[in-house]
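Peer 1: Quick one: the structure is below, and I'll ask about it shortly.
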Amino acid sequence: MSRTTHRVVRDRAVCRAHGVAGVLVQPVSGAARAVVVLGGSEGGMHERDAVALAEAGFAALAVAYFRAPGVPSALVDVPLEYFTRALDLLEAQGFAPGSIGLLGGSRGGEAALLVGSRDERVGSVVSVAGSGVVTQGIDDEAGRLDAILQTSGPAWTVDGRPLPSLPYEVSTELVDTIERGEPVALRDGFAPLPTDPAALARISIPVERIRGGVLLVAGSDDQVWDSAAYHGVAADRLTDHPYPAASVVLDSVGHLIAGPPGGPTASLGPGPGVTLRFGGDPVLTQHARAETWSRTLGFLRYTLPREEPADG
């Protein structure tokens with residue numbers, strides 16, 4: 001993961017003191033950069049990822065934003081203001097604005113781009129298998145996958161109001177696939193991206209407002225959602241970004257590329273009442289996961305702390 005592996009220390013009490021469900025992991029020798037780690041639709045916190053980042057020399061705050069004590073039980077009506085507490089915590093720990101990054105996988109990538117676009121303290125954002133458009137919530141308590149897609153409310157709110165989002169679209173073909181017990185591609189449950197520019201702009205994340213670097217990584221065969229296309233919306237908005245920006249699509253690779261090497265890379269897995277297709281060749285996805293982690297560490301080192309463009 002890096003040329004030097006650092007000894008680390010974990011602190012949960014500081015998270016409780018700031019009203020954050022999570023754990024702060026830091027190198028014993030200290031760190032000049034901090035990263036907030038956001039997981040996906042599985043919920044909870046990605047402590048393993050935070051430890052790997054701390055071993056690579058970063059302070060890392062793994063944050064749970066649903067399915068953990070003190071936060072919503074499902075990915076529905078999650079207030080974006082909650083993530084401000086995580087940034088406040090790191091600032092209180094001595095990390096200056098511009099030295100804090102956000103790393104998110106899947107729905108966490110969507111959250112990272114949203115939060116980065118709203119808070120100038122963020123100096124870098126990495127979205128892996130994420131989305132540049134706002135998508136609908138996921139209420140796993142609603143039952144089988146088709147019931148979840150038909151009943152879930154908004155994922156994110158600001159000032160108590162839901163953000164406009166790309167809705168789900170449950171077709172008879174999708175229901176028939178579920179009824180037959182065949183593996184399901186969740187991406188088939190999303191409505192197409194709007195072709196009308198105004199409609200697309202309404203649900204797009206204003207990533208051009210991120211005051212720092214942006215790295216987007218997706219697999220071309222992501223069957224959970226069309227992360228390559230959703231990241232493409234963000235990449236288009238970053239065409240004239242004054243900070244470092246890159247969009248990478250890995251060929252023949254599925255959804256499971258977020259996180260340090262050694263995690264799951266299977267093409268199939270369990271879902272709510274269904275078997276989900278994650279996509280990609282498992283071996284290629286395994287290599288892509290390691291490549292993405294290495295690319296993530298390099299990008300965060302390069303972009304944190306933030307350097308302002310020469311022209312202002």
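The values are calculated or read from the model by the stated rules, or taken from the named source; none is laboratory data. All values reported here derive from a predicted model rather than from experimental measurement. SASA here: full protein model, heavy atoms, side chains in, ligands and nucleic acids out. Shrake-Rupley method; radii C 1.70, N 1.55, O 1.52, S 1.80 Å.
Peer 1: What are the principal axis extents of the Cα atoms in the chain, in Å, biggest first?
Peer 2: Extents along the principal axes, in whole Å: 56, 39, 38.
Peer 1: Continuing with this model, one more query. Kindly report the accessible area of the chain per residue (heavy atoms of protein chains, probe 1.4 Å, no ligands, DNA or RNA), in Å². Numbers along the way, then the final one.
Peer 2: On the way: 12880 Å² over 312 residues.
Spelled out: the 1.4 Å probe surface of the chain, per residue, equals 41 Å².
Peer 1: How much length is gained if the chain between Glu173 and Ala68 is pulled fully straight, taking 0.36 nm per residue apart and subtracting their Cα-Cα distance, in nm to one decimal?
Peer 2: 34.4 nm
Peer 1: Around Ala245, which amide H atoms from residues at least 5 apart in sequence, or from another chain, sit under 5 Å from its own amide H, with H modelled in the peptide plane?
Peer 2: Amide H neighbours of Ala245, under 5 Å, 5+ apart: Val214.
Peer 1: Counting only DSSP beta bridges with both residues in the range 22-72, what percent are antiparallel, rounded to the nearest 5? The partial results should precede the final answer.
Peer 2: Values: 4 of 9 bridges.
Looking only at bridges with both residues in the range 22-72, the antiparallel portion is about 45 percent.
Peer 1: Another question, if that's okay. How high is the relative contact order of the chain? Use alpha-carbon pairs under 8 Å, at least six apart in sequence, and give a whole percent.
Peer 2: Answer for the chain is 16 percent.
Peer 1: OK, next. What does DSSP give for the chain in terms of the percent of beta bridges that are antiparallel, rounded to the nearest 5? Before the final figure, lay out the partial values.
Peer 2: On the way: 18 of 49 bridges.
If we restrict to bridges inside the chain, about 35 percent are antiparallel.
Peer 1: Need the C-alpha centroid separation for the range 220-294 versus the range 1-77, integer Å.
Peer 2: Each part's Cα centre sits 21 Å from the other's.
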